[in-house]
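Shown next, in structure tokens, is the structure this report addresses.
The values are calculated or read from the model by the stated rules, or taken from the named source; none is laboratory data. This structure is a prediction, so every number in the text was calculated from the model and none was measured. Cβ placement follows ideal geometry from the backbone for every residue including glycine, while neighbour counts extend to all protein chains displayed.
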Amino acid sequence: MQLETTLSDELTRYLDLATRQIQVTAANMANIDTPGYRSVGLDFDAAMQEALADGGESPVHPRIRPVGGLVVRPDGNDVSMDRESMQMAEAQLRYKTGVALLRSEYTEIFAAIHAK
């Protein structure tokens, strides 16, 4: 049996985006010593609005773009571990929040099913 609600679908998209943000941030961190590597990122809020606007019709594929305004080291790399650590913490918090909300949604559904 598959239980889906509009909210659970939206939370699934939210979790997909949070996961993608974690992946992008991890890639930046992994390339901190790669000469010429430039940090990339995604605008989570814009990507979530876009995901909600299409009504769940298509998979979540946020636009990954170069991050501007960062200090470039002499080797051409602009990854800042401080910035990436903050991005990772934010993405992890989003993910944990999404899981908690999804758990709450399913708890309510199961309570309604088992109500006498």
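How about the range 42-53: which of its residues are part of a helix (DSSP H, G or I) and of a type in the set (Asp, Glu)?
Selection gives ASP45, GLU50.
Filtering the range 1-28 down to residues that are exposed (fewer than 15 other Cβ atoms within 10 Å of the Cβ) and either without any contact (Cβ under 8 Å) to a residue 60 or more places away in the chain or of a type in the set (Phe, Trp, Tyr) (or both), which residue is nearest to ASP82 (Cα to Cα)?
The qualifying residue nearest to ASP82 (Cα to Cα) is GLN23.
In this structure, is ARG73 among the basic types (Lys, Arg) and under 19 Å from the mean Cα position of the chain (by Cα)? If you could, list the steps in order and put the result at the bottom.
Working: among the basic types (Lys, Arg): yes; under 19 Å from the mean Cα position of the chain (by Cα): no.
So ARG73 fails the test.
Which residue is farthest from PRO35 (Cα to Cα), if the candidates are limited to the range 70-88 and must be assigned to a loop (DSSP other than H, G, I, E, B) and polar (S, T, N, Q)? Reasoning before the result, please.
Narrowing the range 70-88 to residues assigned to a loop (DSSP other than H, G, I, E, B): 70-80.
Subset that is polar (S, T, N, Q): 77, 80.
Values: ASN77: 5, SER80: 13 Å.
Checked the range 70-88; the qualifying residue farthest from PRO35 (Cα to Cα) is SER80.
Any idea which residue in the range 3-41 is farthest from the chain's Cα centre (by Cα), counting only those that are outside any helix (DSSP H, G or I) and modelled with pLDDT under 95? Walk me through it before giving the result.
Step one: list which residues in the range 3-41 are outside any helix (DSSP H, G or I), which gives 3-5, 31-41.
The next check asks that each one be modelled with pLDDT under 95; those that pass are 3-5.
Details: LEU3: 23, GLU4: 21, THR5: 21 Å.
Only one residue tops the list, namely LEU3.
Per-residue answers, yes or no, for (1) closer than 21 Å to ASP16 by Cα; (2) of a type outside the set (Asp, Glu); (3) at pLDDT 95 or above:
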| position | (1), (2), (3) |
| --- | --- |
| MET48 | yes, yes, no |
| GLY56 | yes, yes, no |
| VAL60 | yes, yes, no |
| SER80 | no, yes, yes |
| GLU90 | yes, no, yes |
| LEU102 | yes, yes, no |
| PHE110 | no, yes, no |
| ALA115 | no, yes, no |
